[in-house]
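J.: Please see the structure below; I have some questions.
The values are calculated or read from the model by the stated rules, or taken from the named source; none is laboratory data. Computed from a prediction, not measured in an experiment: that's the story for all the values here. A quick note on method: Cβ atoms are made from the backbone with ideal geometry, for glycine too, and the neighbour counts reach across all protein chains shown. Heads up: the accessible areas ignore ligands, DNA and RNA and are worked out on the full protein's heavy atoms, side chains in. Shrake-Rupley method; radii C 1.70, N 1.55, O 1.52, S 1.80 Å.
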Amino acid sequence: MTTQSYLDRRHDLKTYFDRTAADAWAKLTTDAPVSGVRATVRAGRDRMRATLMSWLPDDLTGARLLDAGCGTGLLSVEAARRGAHVVAVDLSPTLVGIAQERMPEDVADRIEFYSGDMLDASRGRYDFCVAMDSLIHYKADDLVSALSGLAALADQKVLFTFAPRTLALSVMHSAGKLFPRSDRSPAIEPIAEAKLSGMIAKDSRLAGFTQGRSERIVNGFYTSNAMELSAS
């Protein structure tokens, strides 16, 4: 069930990524020079994307994959180059527009970019749903509800990331040092892995999925934790 708190946060995120920080995030997802802080975030995101991709089959020919919160489309392109048909969704029309402009010709027929809600079920089912750093802004209950929505669309796996509750991450977030004040993102919602794991295990909507691999990526100002849910 979509809650008002989920809708409110989704609105905040759309405003942030579509207006306040679109240029910054567009630059972050290239190899253009960036500040030291953003360089660590870029490197961390590259490592996280590689981790999530390593949990998918090398050959995705014939598979449908949802890139939930696709941003400028880096993961979508990698999955398409493995043969997947990718439905790439992001709240920000601006970032989706950038992703479409950057889309390489060799995968243009295998990626559909849309602006909208990642939980929209109107585009059918998927073999894999991947949500990289797109759930980290939601409170725990909304995060788990979103996972259940993605699981309802997935036949094989849901791969996602969350912000782990660590002392270092809490200090950085409290100090507001991840980004300058002018384009700081809406608050990240850290959660302890054990708590999240327990909530997933108790949620009847996720009863058909088994928790699998978990891996934390820490690189300077970037800290995120990947988790795998596999259909039982």
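J.: Only one residue in SER148, SER134 is assigned to a helix (DSSP H, G or I) and not charged (D, E, K, R). Which one? I'd like the intermediate steps shown before the answer.
T.: Working: SER134 fails: assigned to a helix (DSSP H, G or I).
Being assigned to a helix (DSSP H, G or I) and not charged (D, E, K, R) holds for just one of SER148, SER134, which is SER148.
J.: Tell me yes or no: at least one residue of segment 100-123 is at pLDDT 95 or above, touching a Pro at 6+ places or on another chain (Cβ under 8 Å) and of a type in the set (S, T, N, Q).
T.: yes
J.: If you don't mind, there's one more thing I want to ask. Need pairs with beta-carbon distance below 6 Å; first residue touching a residue at least 40 places away in the same chain (Cβ under 8 Å) and under 14 Å from LEU135 (Cα atoms) and within segment 1-14, second among the charged types (D, E, K, R) and part of a helix (DSSP H, G or I); sequence gap 6+ or separate chains.
T.: So the pair list comes out as SER5/ASP142; TYR6/ASP142.
J.: Hey, can you tell me all the residues within segment 189-215 that are part of a strand (DSSP E or B), open to solvent by 50 Å² or more (accessible area, probe 1.4 Å) and touching a helix residue (DSSP H, G or I) at 6+ places or on another chain (Cβ under 8 Å)?
T.: GLN211, SER214, GLU215 - these are the residues of segment 189-215 that are part of a strand (DSSP E or B), open to solvent by 50 Å² or more (accessible area, probe 1.4 Å) and touching a helix residue (DSSP H, G or I) at 6+ places or on another chain (Cβ under 8 Å).
J.: Let me ask something else. Scan segment 151-165 for residues that are surrounded by fewer than 20 Cβ atoms within 10 Å (Cβ to Cβ) and in a loop (DSSP other than H, G, I, E, B) and jot them down.
T.: ALA152, ARG165
J.: Starting from residues that are within 20 Å of SER230 (Cβ to Cβ) and over 14 Å from the mean Cα position of the chain (by Cα), keep the ones in segment 125-143 and report whichever is surrounded by the most Cβ atoms within 10 Å (Cβ to Cβ). Show your work before the answer.
T.: First, pick out the residues of segment 125-143 that are within 20 Å of SER230 (Cβ to Cβ): 125-132, 134-135, 143.
From the residues that got through so far, the ones that are over 14 Å from the mean Cα position of the chain (by Cα) too are 125-127.
Details: ARG125: 12, TYR126: 24, ASP127: 19.
Here the residue is TYR126.
J.: Continuing with this model, one more query. Collect the residues in segment 54-85 that are assigned to a strand (DSSP E or B) and either more than 16 Å from MET103 (Cβ to Cβ) or open to solvent by less than 20 Å² (accessible area, probe 1.4 Å) (or both), keeping them in residue-number order.
T.: Matches in segment 54-85: ARG64, LEU65, LEU66, ASP67, ALA68.
J.: Those residues that are touching a His at 6+ places or on another chain (Cβ under 9 Å) and open to solvent by 60 Å² or more (accessible area, probe 1.4 Å), I need them from segment 11-53; list them, please.
T.: ASP12
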